[in-house]
Number of protein chains: 2
Amino acid sequence: MAVLASFGRDRPSQNLSQIAHRTGLPISTAHRVVGELAEWGALERGDDGTWYVGLRLWEIASVCPRGQILRDVARPYMQDLYEGTHENIQLAVREGTELVFVERIAGHRSVDLMTNVGDRFPLAATGMGRVLLAHAPADIQDAVLGEPLHAYTSHTVTDPRTLRAQLTRIRRDHYLVSDRQLSETTVAVATPVRIGTTGPVHAALGIVVTARGVAAARTLRDPLMRAAQGISVELGRRAGVD
Amino acid sequence: MAVLASFGRDRPSQNLSQIAHRTGLPISTAHRVVGELAEWGALERGDDGTWYVGLRLWEIASVCPRGQILRDVARPYMQDLYEGTHENIQLAVREGTELVFVERIAGHRSVDLMTNVGDRFPLAATGMGRVLLAHAPADIQDAVLGEPLHAYTSHTVTDPRTLRAQLTRIRRDHYLVSDRQLSETTVAVATPVRIGTTGPVHAALGIVVTARGVAAARTLRDPLMRAAQGISVELGRRAGVD
DNA sequence: AGGGCTGTTTCCGTCAGGCGGAAACATGGG
DNA sequence: CCCATGTTTCCGCCTGACGGAAACAGCCCT
């Protein structure tokens with residue numbers, strides 16, 4: 001299990017010694033574990049002898065309800081949204097005090113972001129994260145606001161009181177324009193996705209554009225919120241609520 | 001490990017007893033294993049007490065080179081292709097004698113297919129599978145052609161000799177129009193994706209349309225092959241070949 | 001209320017199979 | 001040719017996984 005955990009975005013493929021070193025396991029033990037995982041298909045071996053994550057894991061993960069089902073429902077809406085805007089469309093869920101990207105649509109024309117599906121960020125770091133934070137349980141909010149907030153850019157809100165006020169505003173307005181909080185060159189609009197029209201917040205939908213101004217982002221608000229609405233309703237229908 | 005394998009598309013969430021029964025493990029053992037997996041994040045528990053695949057697994061799987069990296073590269077091309085056609089765009093790789101879908105783009109307008117990301121099919125069953133089969137090692141081809149071929153529709157090619165001839169034609173033409181082989185209502189165009197312009201075949205790209213005729217599918221051939229070409233070149237560039 | 005039923009959780013003594021040190025093996029560069 | 005680095009195999013020890021059993025928790029039906 002530790003062996004699987006040693007694979008990350010930064011280290012997509014590694015040799016036996018690296019795995020043993022990273023997990024703290026003796027080489028012979030790592031050798032056996034890797035062999036078992038490989039036999040099952042969770043790991044595969046490249047031509048150069050290094051190990052990488054195999055398709056079996058991909059297959060299992062594809063039935064992850066918080067990933068795949070959400071994706072299946074959201075994808076067509078995101079797709080349509082993309083065609084109307086040609087900007088980066090992103091979908092994320094919360095896990096603990098972190099945000100995890102589960103889907104993204106981007107063609108060749110849109111901004112190149114540093115984020116990928118599967119990536120994690122602190123909730124406070126991104127617009128979508130703040131939307132999720134605004135609707136998270138109190139203990140999660142306290143945990144995030146209790147820690148010092150990292151300033152990614154000169155615009156990042158780092159004062160807990162300001163952030164708390166922003167969370168209140170998000171709950172009132174049902175959307176957020178996040179101006180150069182994570183990167184100096186991007187502005188994001190984000191809005192919650194619920195299960196049904198009034199159910200719990202399940203995910204956040206967002207559009208990321210170049211920082212040519214908040215005004216441009218605002219024009220994207222309505223199509224974004226309409227798409228989120230559509231996803232919410234369909235999720236509710238599938239879950240049998242509303 | 002058997003516990004993870006017990007989760008499939010047909011069984012996305014199950015309670016402890018079901019897991020124990022499916023894996024053949026005693027309940028107490030299943031209970032412990034599930035607990036460990038849950039603590040790590042590989043499994044999560046729903047409100048109804050059932051277990052489902054968690055986001056940690058999703059995260060690990062997202063660094064699967066045969067899935068994610070391929071997807072990251074192919075996505076924008078598939079996206080552009082979708083916008084030009086508004087048909088189902090699919091990407092698949094081969095694993096053993098099976099085809100695994102790794103990506104799909106479809107908006108609201110396109111046909112509803114029975115296939116999902118992560119699904120597996122026999123290589124001979126689909127157009128994309130036959131493209132992969134045409135470029136698979138000889139032992140794989142022999143294994144597939146040695147078994148009796150299942151007739152999914154009245155049009156399915158089941159004669160090994162005919163299929164072998166088709167494989168030869170695929171290698172010559174670099175594409176295949178597959179007419180109602182898996183379903184009576186769909187026609188597919190498929191073409192290989194290589195690593196670099198002359199490297200090994202790494203995946204298959206395909207478009208699936210309603211069976212309004214082979215002619216319609218043919219018009220999609222050129223944009224499809226251009227997209228596959230683009231993906232191949234970019235994969236090659238990333239892999240440092242060509 | 002009571003009892004039966006289904007599913008979950010905890011407990012604990014046993015012992016198989018995982019563990020890892022060490023040595024053999026493989027590769028490749030100086 | 002030798003040494004460095006990484007991989008694979010071997011095997012004896014011992015620990016922590018195993019699973020039977022019992023307690024626990026809901027839920028439905030009478």
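Which residues, taken from segment B:142-156, are part of a loop (DSSP other than H, G, I, E, B) and touching a strand residue (DSSP E or B) at 6+ places or on another chain (Cβ under 8 Å)? Selection gives B:His150, B:His155. Among the residues of segment A:29-72, those that are in a loop (DSSP other than H, G, I, E, B), within 15 Å of DNA strand C (Cβ to nearest atom) and not charged (D, E, K, R) comprise A:Gly46, A:Gly49, A:Thr50. May I ask you to verify whether A:Arg22 is touching a residue at least 60 places away in the same chain (Cβ under 8 Å), open to solvent by 50 Å² or more (accessible area, probe 1.4 Å) and away from DNA strand C (no atom under 12 Å from the Cβ)? Against the criterion (touching a residue at least 60 places away in the same chain (Cβ under 8 Å), open to solvent by 50 Å² or more (accessible area, probe 1.4 Å) and away from DNA strand C (no atom under 12 Å from the Cβ)), A:Arg22 does not qualify.
Evaluation of A:Tyr77 against the conditions (1) more than 7 Å from chain B (Cβ to nearest Cβ); (2) among the aromatic types (Phe, Trp, Tyr); (3) in a helix (DSSP H, G or I); (4) free of Cβ contacts under 8 Å to residues at least 24 places away in the same chain shows that the sole unmet condition is (4). Against the numbered list (1) of a type in the set (D, E, K, R); (2) crowded, with 22+ Cβ neighbours inside 10 Å; (3) closer than 18 Å to A:Ala42 by Cβ, B:Glu87 comes up short only at (3).
For A:Glu83, the requirement of being within 8 Å of chain B (Cβ to nearest Cβ) and farther than 24 Å from A:Asp222 by Cα is not met.
Limited to segment B:203-219, what total is found for residues that are crowded, with 23+ Cβ neighbours inside 10 Å and either in contact with a helix residue (DSSP H, G or I) (Cβ under 8 Å, 6 or more places away or on another chain) or not small (Gly, Ala, Ser) (or both)? Qualifying residue count for the region: 6.
When you scan segment B:222-239, do you find a residue that is assigned to a loop (DSSP other than H, G, I, E, B) and either assigned by TED's automatic domain parsing to the domain that holds B:Ala74 or more than 24 Å from B:Pro65 (Cα to Cα) (or both), even just one?
No; the residues of segment B:222-239 include none that is assigned to a loop (DSSP other than H, G, I, E, B) and either assigned by TED's automatic domain parsing to the domain that holds B:Ala74 or more than 24 Å from B:Pro65 (Cα to Cα) (or both).
Residues being away from DNA strand D (no atom under 16 Å from the Cβ), at pLDDT below 90, in contact with a strand residue (DSSP E or B) (Cβ under 9 Å, 6 or more places away or on another chain) and facing chain A (nearest Cβ under 8 Å) are entirely absent from segment B:14-33.
Among all residues of segment B:6-16, there is at least one that is within 13 Å of DNA strand C (Cβ to nearest atom) and either part of a helix (DSSP H, G or I) or assigned by TED's automatic domain parsing to the domain that holds B:Ala228 (or both).
For segment B:34-50, a residue qualifies if it is touching a helix residue (DSSP H, G or I) at 6+ places or on another chain (Cβ under 9 Å), open to solvent by 30 Å² or more (accessible area, probe 1.4 Å) and more than 10 Å from chain A (Cβ to nearest Cβ), and exactly one does: B:Arg45. Among the numbered conditions (1) more than 9 Å from chain B (Cβ to nearest Cβ); (2) surrounded by fewer than 20 Cβ atoms within 10 Å (Cβ to Cβ); (3) charged (D, E, K, R), tell me where A:Glu103 comes up short. Result: A:Glu103 fails condition (2) only.
Kindly establish whether B:Asp139 is in a helix (DSSP H, G or I) and facing chain A (nearest Cβ under 7 Å).
no
Scanning segment A:186-225 for residues that are over 20 Å from A:Leu132 (Cβ atoms) and free of Cβ contacts under 8 Å to residues at least 40 places away in the same chain gives A:Ala211, A:Arg212, A:Gly213, A:Val214, A:Ala215, A:Ala216, A:Thr219, A:Asp222.
Scanning segment A:194-208 finds no residues that are part of a helix (DSSP H, G or I), modelled with pLDDT of 90 or more, out of contact with any Leu (no Cβ under 7 Å at 6 or more places or on another chain) and in the same structural domain as A:Thr153 (by TED's automatic domain parsing). Given the condition more than 16 Å from DNA strand D (Cβ to nearest atom), more than 9 Å from chain A (Cβ to nearest Cβ) and touching a strand residue (DSSP E or B) at 6+ places or on another chain (Cβ under 6 Å), answer yes or no: does some residue in segment B:51-66 qualify? Yes: segment B:51-66 contains one or more residues that are more than 16 Å from DNA strand D (Cβ to nearest atom), more than 9 Å from chain A (Cβ to nearest Cβ) and touching a strand residue (DSSP E or B) at 6+ places or on another chain (Cβ under 6 Å).
The values are calculated or read from the model by the stated rules, or taken from the named source; none is laboratory data. Computed from a predicted structure; not experimentally measured. When we count neighbours, we look across all protein chains shown, and the Cβ atoms used for this are built from the backbone with ideal geometry, even at glycine. All accessible areas refer to the heavy atoms of the entire protein, side chains included, with ligands and DNA or RNA removed. Shrake-Rupley method; radii C 1.70, N 1.55, O 1.52, S 1.80 Å.
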